[in-house]
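This report refers to the structure that appears directly beneath it.
The values are calculated or read from the model by the stated rules, or taken from the named source; none is laboratory data. Remember, predicted model here, so these are calculated numbers, not experimental data. Virtual Cβ from ideal backbone geometry, glycine too; neighbours counted across all protein chains shown. The area values use the complete protein model at the heavy-atom level, side chains included, leaving out ligands, DNA and RNA. Shrake-Rupley method; radii C 1.70, N 1.55, O 1.52, S 1.80 Å.
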Amino acid sequence: IKIYDYIHERGGKARLEAIAKPEEKWESPLIAFEHILAHEQHVTGLINNLIDVALDVRDHAAKAFLDWFITEQVEEEASVGQIVDRLRLIGNDSSGLFLLDTELGKRVFVMPVKA
């Protein structure tokens, strides 16, 4: 929505298209989180491409706007990467999975600050 709003604020028109349905089942929590990490890395690449275009056309306002997303992606990749590392350590130990699930369940969602 932030990107959609930004495009409209700058006088552009955003065109939304369908996205592929995500996977629904994985062989293990580790494989699920490895997919999540790969997706976050893909999103980071897409944002980097947008920044490259903004720099090529000398749109410094767009580059400044996109910096927020890069910062968020760094945090997301680090967060998911830590979970992947812990799941690799836990392996198939159900007690470890239970403890990780309990810990992750205590995380609190914080609404992003409007940039």
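Within the set V43, V53, the sole residue that is under 10 Å from the mean Cα position of the chain (by Cα) and of a type outside the set (S, T, Y) turns out to be V43.
Looking across segment 23-48, the residues that are without any contact (Cβ under 8 Å) to a residue 24 or more places away in the chain, under 17 Å from V74 (Cβ atoms) and open to solvent by less than 90 Å² (accessible area, probe 1.4 Å) come down to A38, G45, L46, N48.
The combined condition, being surrounded by 15 or more Cβ atoms within 10 Å (Cβ to Cβ) and in contact with a Ser or Thr (Cβ under 9 Å, 6 or more places away or on another chain), is fulfilled by E76. Inside segment 98-115, residues that are at pLDDT 90 or above and loosely packed, with under 10 Cβ neighbours inside 10 Å make up a count of 3. One residue stands out among those in segment 1-17 that are open to solvent by 100 Å² or more (accessible area, probe 1.4 Å) and among the aliphatic types (A, V, I, L, M): the one that is nearest to the chain's Cα centre (by Cα), which is I1. Scanning segment 8-55 for residues that are closer than 25 Å to Q82 by Cβ and part of a loop (DSSP other than H, G, I, E, B) returns P22, E23, E24, K25, W26, E27, S28.
The residues in segment 82-97 that are assigned to a helix (DSSP H, G or I) and exposed (fewer than 15 other Cβ atoms within 10 Å of the Cβ) can be counted, and the count is 7.
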